[in-house]
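Chemist: First the structure, then my questions, so here it is.
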Amino acid sequence: MYLKLLVMIVFFYSCKNDLKVVQNLTIKNNSPYESAKNINIIYSTEGHVDIVIKSPLLNKYAENDMPSYIEMPKGIEVYFYDSLNKVKSLLTSNYAIDYENKKIMEAENNVVVVNEKGEKLNTEHLTWNQNKKIITSDKFVKITTKDEVLFGDGLDADEAFNKWTIKKPKGILNIKK
């Protein structure tokens, strides 16, 4: 009887969970479930092209077996079209992540937006809310127009970058009388 008890005690104390082994077994696979090269995504309404997104690499990720986000680690080009199929603005960046369910895309690293008037926005981070059709930034922005260069911390604009407001303007501003 003592022998059985001794064997059981030794057995239970010899079983231990190595924390690193357990963590490695439970870490989620961080690999994309879908990957594509040289993609063109076309958004249209009733046969009219509204937006075209181009990227050299697209990776789709999922959490809990549900699509979670799309990553474009090698950059994007987003073309916004008007009703006459003319490009009204172009957004480019070196990296982007699209949260499909939320309809929010974040562009990072050398973000540039150019509108049909030739006005140019430069920043390092931009959020595009596809439902509200707006772009915003809380980072440093530089806007170059045909007459001036404006600086500030943050921006609100429509997605075509035709109407924009710098949140905290900086520098010398020209005021017309």
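No value in this document is a laboratory result; all are computed from the given coordinates. Here the structure is a predicted model, which means the values were calculated and not measured. Virtual Cβ from ideal backbone geometry, glycine too; neighbours counted across all protein chains shown.
Chemist: If you stretched the chain out fully between Asn38 and Lys60, how much longer would it get, using 0.36 nm times the residue separation minus the C-alpha to C-alpha distance?
Modeler: So the chain would gain 6.5 nm between Asn38 and Lys60.
Chemist: Turning to a different aspect of this structure: Along the Cα→Cβ direction, 7 angstrom out, place labels at Ser68 and Lys117. What is the inter-label distance in nm?
Modeler: 4.1
Chemist: Quick query: amide H of Glu116 versus all other amide H atoms, modeled in the peptide plane; which residues come in under 5 Å with a sequence gap of 5 or more or a different chain?
Modeler: none
Chemist: How much FRET efficiency would the formula 1/(1 + (r/R0)^6) give for Thr165 and Asn109, where r is the Cβ-Cβ distance and R0 is 30 Å, rounded to 0.05? List each step's numbers first, then the result.
Modeler: Working: r = 24 Å, r/R0 = 0.79.
After rounding to 0.05, the efficiency reads 0.80.
Chemist: Now for a different question. Go through Ser89, Tyr69, Asn109 and say which Cα lies farthest out towards the positive end of the charge dipole of region 47-116; charges sit on Cβ, +1 for Lys and Arg, -1 for Asp and Glu.
Modeler: Ser89
Chemist: Going down the list Lys102/Lys170; Lys54/Lys139; Lys60/Lys139; Lys88/Lys120; Lys54/Lys103; Lys54/Lys102, which pairs span over 22 Å between their C-alpha atoms?
Modeler: Those over the limit are Lys102/Lys170; Lys54/Lys139; Lys60/Lys139.
Chemist: Hey, another quick one. At Ser31 and His48, where each label point lies 7 Å from the Cα along Cα→Cβ, what is the point-to-point distance in nanometres?
Modeler: Distance between label points: 4.4 nm.
Chemist: How large is ³J(HN,Hα) for each residue in region 137-150, as worked out from phi by the Karplus curve 6.51 cos²θ - 1.76 cosθ + 1.60 (θ = phi - 60°), to whole Hz, x for Gly and Pro?
Modeler: 8, 10, 9, 4, 10, 10, 10, 10, 10, 5, 9, 7, 10, 10
Chemist: Checking the cross-link filter: which aspartates and glutamates have an alpha carbon closer than 14 Å to that of Lys142, excluding same-chain neighbours under 8 positions apart?
Modeler: Output for Lys142: Glu119, Glu124, Asp153, Asp156.
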